[in-house]
Amino acid sequence: MRKWRSLGLATFLSVMVVLLAIPPLASGQAPGMSRLQNDDPNNWPMYHRSYDAFRFSPLSQINRDNVKNLTVAWVHQPGALVQGLEATPLVVDGVMYYIASYNRVFALDAATGKELWHFYPKLDPVVNTLFFQPYNRGLAIGQGRVYFGSLDGRVFALDQKTGKVAWEKQVLDTKKCSCNFTGAPLVVKDKVILGQTSGELPIQGKIYALMAASGEKAWEFNTIKEDPKSWGGDSAKFGGGGGWMTGSFDPALNLVYWGTANPAPDYDWGGARPGDNLYTSSVLALDADSGQLKWHFQEIPHDDWDYDSGLGESLVLDRDGKKLLVHQNKSGFVFVYDRTNGKLQNVWPMTHTFNFVKSIDPKTGELVGRKSPRLGKPEFICPWIAGGRSWNSGSYNPKTKLWYNTAMEVCEEVTVEKQTPQTEPAAGLFFGGDQVAKHPPGGEAYGHLDARDPVTGDRKWSINFKYPPIGSVLSTGGGLVIHGDVEGMVHAYDAETGENLWNFRTGCGHRGGPISYSVNGKQYIAVPSGLGSLVLGLYPALWPEVEDFPAGSAMFVFTLK
């Protein structure tokens with residue numbers, strides 16, 4: 001049995017550390033780019049399936065009428081249990097590709113589960129000393145190659161057919177920065193784009209674009225703005241930030257949308273980082289070719305709560321003639337933008353329980369009535385450090401026009417502690433405080449899965465969970481919503497009503513992303529099973545039994561009988 005320890009944040013962190021060549025076309029569009037843009041319903045070719053980040057499969061062979069006949073087609077086990085299975089698999093032309101803990105990469109026959117090849121990189125031993133490890137959340141595919149960022153700061157390109165290394169580049173000085181790559185890259189035209197971990201470290205986090213053919217750096221964007229008005233004193237040197245999850249892309253505007261992480265230290269004891277701390281806890285619109293900043297919006301100015309904007313999806317959708325971008329940060333609030341210029345259109349709360357602000361102005365984005373923890377006494381804050389939602393993604397169905405998304409109604413008690421940033425011999429964790437999970441006032445903590453209008457926030461239906469869910473969501477053309485919970489149950493819901501139509505117990509909770517694909521005219525649904533995440537270490541303070549939830553790591557694939 002895997003023990004998820006019930007600890008304060010600082011103690012929990014210390015325990016975790018111990019545990020552990022194709023030239024571009026003349027047009028500038030690289031070979032394989034048109035393949036990514038063309039929506040083949042049989043495939044799931046990137047982390048969110050499509051550049052709009054909908055996580056929607058148009059396949060409908062499996063639907064609300066016959067989903068009760070789902071059965072297991074095959075199961076694959078990657079052989080690494082630590083931190084479960086957090087990835088979203090990819091499927092292209094009948095082959096599944098996925099990454100597991102310790103950067104183990106697999107290519108499988110997507111109809112049978114038969115292994116075609118695997119790649120186990122030899123990781124630098126420094127990985128065992130890092131905080132963000134050994135999990136990885138996904139791969140990218142393009143130009144006949146499979147790309148991923150590694151736990152020791154490298155980026156790999158593997159031959160898609162053989163798994164052999166086409167190139168590898170050491171992008172980060174992981175031995176010095178204690179930072180790495182854990183999120184899935186995004187292939188955009190002739191480039192591979194990915195961001196690093198750094199929000200809890202006294203460093204400057206960046207977003208990188210590498211040439212897909214060679215691995216040479218095309219551009220980088222520093223998420224810490226060198227501006228004394230934004231960062232008082234020398235605080236910018238230790239500002240954290242970065243962009244550890246996967247962004248979106250609008251080919252028509254040639255803009256990449258990327259969320260950035262929290263500033264460091266996470267908690268400001270007063271004067272730790274004077275200013276608004278740009279470009280942390282922000283949404284960036286970057287020119288895909290040059291990395292030039294076209295617009296930005298800082299969702300949480302001078303983030304006092306670790307409510308960074310790096311997580312989840314940025315939905316690229318059109319509504320009533322407007323080109324919109326919908327993005328949620330850890331605060332639980334959803335921001336709606338005009339994606340052409342970054343002008344705010346609306347802000348609405350995904351959660352019911354919050355007190356870090358009284359409200360957020362839907363026209364300006366102003367945080368009204370901030371409640372910031374400071375030195376002197378513990379402060380009761382909602383939501384908790386894990387957020388109104390964690391990094392897992394929701395799913396938008398363009399047929400129902402509903403966004404299926406999870407939320408967590410949990411609070412915390414924060415104790416701020418003054419801390420000196422450690423940079424030698426390597427960067428040390430830079431939190432500036434400790435916290436412990438608490439129930440909300442007048443009730444028990446819980447989570448829910450909602451069906452909402454992503455622009456207005458209007459809710460159509462909702463399903464509650466005792467343990468806040470941390471797995472991603474899939475919606476399909478068959479009118480289904482697929483989601484795996486913390487207790488190890490996979491659910492298929494009616495997308496219109498929320499009725500639970502089918503269940504299957506995988507034997508371990510869920511943190512990764514379910515997908516759907518088709519091979520030879522037969523539809524499949526793949527669900528990664530394997531409970532992991534640093535977030536799980538926070539649960540036992542409220543639910544002690546979670547300490548004894550079983551560990552696991554397996555790819556379950558279902559199809560109709």
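The values are calculated or read from the model by the stated rules, or taken from the named source; none is laboratory data. Given the structure is predicted, the values throughout are model-derived calculations rather than measurements. Here the Cβ positions follow ideal geometry from the backbone for every residue, glycine too, while neighbour counts run over all protein chains shown. We work out accessible area using only protein heavy atoms, side chains counted, and drop any ligands, DNA or RNA first. Shrake-Rupley method; radii C 1.70, N 1.55, O 1.52, S 1.80 Å.
Quick notes on this structure:
- Those residues of segment 347-373 which are crowded, with 17+ Cβ neighbours inside 10 Å and not hydroxyl-bearing (Ser, Thr, Tyr), in sequence order: VAL347, TRP348, PRO349, MET350, PHE354, PHE356, VAL357, ILE360, GLY365, LEU367, PRO373
- SER529 open to solvent by less than 10 Å² (accessible area, probe 1.4 Å) and closer than 20 Å to TYR47 by Cβ: yes
- Hits in segment 188-225 (condition: in contact with a helix residue (DSSP H, G or I) (Cβ under 6 Å, 6 or more places away or on another chain) and either surrounded by fewer than 23 Cβ atoms within 10 Å (Cβ to Cβ) or not aliphatic (A, V, I, L, M) (or both)): LYS189, PRO202
- Single condition VAL127 does not satisfy, out of (1) open to solvent by 30 Å² or more (accessible area, probe 1.4 Å); (2) of a type in the set (Val, Ile, Thr); (3) not in a loop (DSSP other than H, G, I, E, B): (1)
- Sole exception among (1) within 24 Å of the chain's Cα centre (by Cα); (2) modelled with pLDDT of 95 or more; (3) open to solvent by 10 Å² or more (accessible area, probe 1.4 Å) for HIS439, by number: (1)
- Here the strands (runs of 3 or more DSSP E) wholly within segment 435-526 that include at least 1 residues being within 25 Å of VAL410 (Cβ to Cβ) are 446-452, 459-465, 473-476, 480-484, 489-494, 500-505.
- Residue check for LYS169: part of a strand (DSSP E or B), more than 18 Å from ASP289 (Cβ to Cβ) and out of contact with any helix residue (DSSP H, G or I) (no Cβ under 7 Å at 6 or more places or on another chain): yes
- Among the conditions (1) assigned to a loop (DSSP other than H, G, I, E, B); (2) open to solvent by less than 10 Å² (accessible area, probe 1.4 Å), the only one that TYR147 does not satisfy is (1).
- Checking each residue in segment 330-351 for being within 12 Å of ARG389 (Cα to Cα) and in contact with a strand residue (DSSP E or B) (Cβ under 7 Å, 6 or more places away or on another chain) picks out GLY332, PHE333, VAL334, PRO349, MET350, THR351.
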